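Only the coordinates and a few stated rules stand behind these numbers; no lab work does. These numbers were taken from a predicted model, which means no experiment stands behind them. Methodologically, a virtual Cβ is constructed for each residue, glycine included, from the backbone with ideal geometry; neighbour enumeration extends over all protein chains shown.
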Amino acid sequence: MAHHNQSPSEMVKKLGWLHKVLAEESDTTEKEMTDFVKQQEIISGRDPEISEEEYFINMGPQHPSTHGVLRLMVSLKGEIVQNIKPHVGYVHRGIEKMTEKMTYKQIIHLTDRLDYLSSTINNHAVCLAVENGLEVEIPERVKYVRTIIDELIRIASHQLWWGVMGMDLGALTAYFYGFRDREKVIDVLEKNTGARLLHSYYTPGGLMRDIHADFQKDIKEYIKYQRNLMNEYDDLLSNNVIFRERTEGLGIMTREEAIAYGVTGPSGRASNFACDVRKQHPYAAYDKADFKQILYTGGDSFHRYKARLDEIKESMNIIEQLVDNIPEGSYTAKMKAVLKLPEGTYFQRVEAARGELGVYVISKGDKVPYRMKFRSPNLSNLGALDKLTRNYKIADLVAIMSSLDLVIPDIDR
Amino acid sequence: MNKEQLIEQLNARIQNIEITEAKQILEISTAPNHLFNIVNTLKTDAAFSFDYLFNLMGVDVDDKLGVYYYFESTAHNHQLLVKCFGISRDKAALPSLVSLYPGVELLEREVFEFYGINFEGHPDLRNLFLPDDWNGFPMRKDYYDPINIVER
C-alpha cells in the first residue's frame, strides 16, 4: 500500500511522460504546473482543513458484506474508521415473546430460525434445557447421534463461512469451493433427516426418528472426501499472499478484551480465551471423544480464520471417534405427550458454530415457559466490532467483520 | 472453587446479599443500590474473579421487573447468578455495568426496550431492535398487544 503515502507532486514527478506532455506539448508554465499539483493535493484530502472533517456513511442494511440486514453507521475521517454504531432489528421477529405462548415441542421449530447455519445445535440447546428441567435420562444412542450431527452442522457452517470470507476479500473461487463441499454434508443430513437446512430433528427426550441405515457409511465416505480437501483450502486462501496481507495483524483482540466483551466461539479462542463449552461444560457425548480445544494467541483476523479451519479438522476427529461406536437402543426416551416443566429456573449452554449459545428458561409449572431467553453468541460478538475496527481503513472493516462470522437473524431474534 | 467454598467466601466478603442454592447454579439476590459495588467486588476480588458475564436477561417475575446476571470466572471456573429487582414498576432503574463489562452495552439496551428498565450510567441508552417510536415494553407481562402479534 506504499503508493498511498506519496504526495501528488511525487507521483507527477514519477510519471515523467505526463510532465513532458504538460510542459512541452501544451503552453503550461511552471507556475500552472505547481497550481495543478496543489489542486490535486487539496482534492486528495491532504489539505488539513478538509481531512479533519468527520463524516458518516451507512454500510447496509443492503450491503453484501454484512450477509443480511445489518446496518453499520460508520464514522470516518478520510477512509479511517473512527467508530461504528450497529443498527440491528431489521429481521426482529420477537422469538422470545412468541415462546411464551408455545409449548416446548413447538419452540424447537422456532429455534432453527435463530442462527440458521447452526440450526440443529439451537434445537439441541432447547432439548437439553427441557431435559434438565424434567430430569429425564436420555439414551446413550441419542447422545452419540446428536453429537455427530452437531459436528456435521458445524463443518457445514464453517465451510460456508470459509467461502464467504474469501468472497468478501475478493477471492470468489473460494466461495464456489466452499459451497461445493458444504453440499456434501447437506446431502448426508438430508438423507437422514429429510431436510437440508432446518432439520428440527431433535425432540425433548431424543430424536424424531431413528437414523437412516446408510448414516454411518455416508459419514465415513464424506470424511474421507473432506480430509483430502483441507490442503486445497490452505492453497486457495490460507497461503494466498493477498489474503494474508489483508488479515494478518488486523483487528487484534486481546484475551482480556475477548472476555470482557463476551466474544466466544472460534473468534474468542483465537484470542486465547478458553471458552469452548464442549470442553468447559461437557454435554451430550463430548466427554466420550478425545479432542482438543483450538486456542491461538494471535487474536487477529488471520488467527480467527485459522481457528475455524482447525475446528473443521477437529470436528472430523470427533465424528470419526464416535461414528463406529453408536450404541444400540431406543432413539428416544419415554416422554409424556404434554411436557410441563416444574417451577424453577433452568439453563443450558452449548457450543454453536459461532460461540456460546445459552437457553434460559423460567417455568411456572405450565406447558409453556414463563420466560425464555436465548443468549445469542452473535450479539456479543457484534458488540466488540466497534473496538476491533477503530483506526483501520474501511476495507479492513469488511475483512474484520468477515472474520467474526456474524449471522444476523441470531442477533435480531 | 466448589459451591460450599464459594458460599463461605461470599458470606465473608460481601454484605447485603441473600444466598440461595439452586440445582444448577448458586444464586444471590441484592438491591439496586448495592449492585454496582457487589459486582465490582465479584469482578476484582481475586477470590472470585468473575470476569466473564455470560448472560444478562431481563425478567418480569412476581410483578417485579429485574435483571438476572450470570457470571463465570475463567480462572476458577465457578459460576454465579446475581438477581436484582428494581424498586417499583414505574421507575425501575438499575446501575449500568458497562464500565465493568463493556460487552453489556447492547444487552442492556435490549432489556431497556423490552422491559423499560432504566440503566443509570449507560452511555447510549435507546431502542436496539424496535423502532424509536414504539409504544410500551413488549416483554412485560402486562403488555397490551393490539396488533395480535402473538395471540391468535
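Could you work out how far the C-alpha centroid of segment B:76-152 sits from that of segment A:304-319, in angstrom?
37
Between A:T254 and B:D142, take the C-beta separation as r, use R0 = 25 Å, and let me know the FRET efficiency to the nearest 0.05. Numbers along the way, then the final one.
Numbers: r = 44 Å, r/R0 = 1.76.
My answer for the efficiency is 0.05.
Averaged over its residues, how many other protein chain Cβ atoms are within 10 Å of peptide A:257-264's Cβ atoms? Numbers along the way, then the final one.
On the way: counts 2, 3, 8, 9, 7, 10, 1, 2.
Rounded to a whole number, the mean comes out at 5.
Can you compute the FRET efficiency between A:E221 and A:D287 using 1/(1 + (r/R0)^6), with r the Cβ-Cβ distance and R0 = 35 Å? Round to the nearest 0.05.
On the way: r = 27 Å, r/R0 = 0.78.
Approximately 0.80, to the nearest 0.05.
For segment B:22-55 and segment A:66-113, write down the distance between their C-alpha centroids in whole Å.
Cα centroid to Cα centroid, the span is 28 Å.
Which Cα, out of A:Y305, A:N381, A:H158, lies furthest along the positive dipole direction of segment A:95-412 (beta carbon charges, K/R +1, D/E -1)?
Looking along the dipole axis, the top candidate is A:N381.
Starting with the highest mean, order A:250-262, A:298-310, A:350-362, A:58-70 by the number of other Cβ atoms within 10 Å, averaged over the residues of each peptide.
Numbers: A:250-262: 20.8, A:298-310: 23.4, A:350-362: 26.1, A:58-70: 17.3.
Packing proxy ranking, top to bottom: A:350-362, A:298-310, A:250-262, A:58-70.
Nearest 5 is fine: what % of DSSP beta bridges in the protein assembly as shown come out antiparallel, could you say? Present the calculation step by step, with values, prior to reporting the outcome.
Values: 50 of 57 bridges.
If we restrict to bridges inside the protein assembly as shown, about 90 percent are antiparallel.
Which three extents, in angstrom, do the Cα atoms of chain B have along their principal axes, listed largest first?
That gives 51, 31, 24 Å along the principal axes, largest extent first.
List the pairs from A:K334/B:K64; A:K143/B:K23; B:K3/B:K83; A:K85/B:K91; A:K373/B:K23 whose alpha-carbon separation is above 26 Å, in the order I gave them.
Values: A:K334/B:K64 37 Å; A:K143/B:K23 22 Å; B:K3/B:K83 17 Å; A:K85/B:K91 28 Å; A:K373/B:K23 19 Å.
From A:K334/B:K64; A:K143/B:K23; B:K3/B:K83; A:K85/B:K91; A:K373/B:K23, over 26 Å: A:K334/B:K64; A:K85/B:K91.
Take each of the peptides B:86-97, A:99-110, average the number of other beta-carbon atoms within 10 Å over its residues, and list them starting from the highest.
Numbers: B:86-97: 17.2, A:99-110: 18.8.
Sorting B:86-97, A:99-110 by mean packing, highest first, produces A:99-110, B:86-97.
Mind checking the angle between helix B:3-13 and chain B's longest principal axis? C-alpha axes, 0 to 90 degrees, to the nearest 10.
For B:3-13 against chain B, the angle is about 90 degrees.
Can you flag which of A:K288/A:K313; A:K191/A:K288; A:K220/A:K292; A:K279/A:K313 are past 23 Å Cα-Cα?
On the way: A:K288/A:K313 18 Å; A:K191/A:K288 26 Å; A:K220/A:K292 21 Å; A:K279/A:K313 16 Å.
Over 23 Å Cα-Cα: A:K191/A:K288.
Shielding of B:17-26 by partners, i.e. mean partner chain Cβ atoms within 10 Å per residue?
2
Once you charge only the Cβ atoms, +1 for Lys and Arg and -1 for Asp and Glu, what is the size of the charge dipole of the protein assembly as shown about its Cα centre, to the nearest 20 debye?
Values: 67 positive and 82 negative charges, 316 e Å.
Dipole of the protein assembly as shown, to the nearest 20 debye: 1520 debye.
Can you give me the pair-distance distribution of segment A:299-413, C-alpha pairs, 5 Å bins, whole percents?
That works out to 2, 9, 12, 14, 14, 14, 13, 10, 7, 4, 2, 0, in percent per bin.
Compactness ratio of segment A:117-250: Cα Rg over 2.2 N^0.38 Å, N = residue count?
Numbers: Rg = 17.5 Å, N = 134, 2.2 N^0.38 = 14.1 Å.
Normalised by 2.2 N^0.38 Å, the Cα Rg of segment A:117-250 equals 1.24.
Per residue, how big is the convex hull around the C-alpha atoms of chain A? Give it to me in cubic angstrom, could you? Mind showing how you got there, number by number?
Numbers: hull volume 62.3 nm³, N = 413.
In chain A, the Cα hull volume divided by residue count equals 151 Å³.
May I ask what percent, to the nearest 5, of DSSP beta bridges between residues of segment B:3-120 are antiparallel?
Working: 20 of 27 bridges.
If we restrict to bridges inside segment B:3-120, about 75 percent are antiparallel.
Can you tell me the 0 to 90 degree angle between the C-alpha axis of helix B:32-44 and the longest principal axis of chain B, rounded to 10?
50
Which of the aspartates and glutamates could be linked to A:K336 by a straight reach, that is with a Cα gap under 17 Å, when you skip same-chain ones fewer than 8 residues away?
A:E131, A:E135, A:E137, A:D366
Beta carbons within 10 angstrom, averaged per residue: use that to sort the peptides B:40-52, A:329-341, highest first.
On the way: B:40-52: 17.5, A:329-341: 14.1.
The densest-packed peptide leads the list: B:40-52, A:329-341.
Straight-line reach from A:K31: which aspartates and glutamates have a Cα under 19 Å away, not including same-chain ones fewer than 8 places off?
By straight Cα distance, A:K31 reaches A:E10, A:E41.
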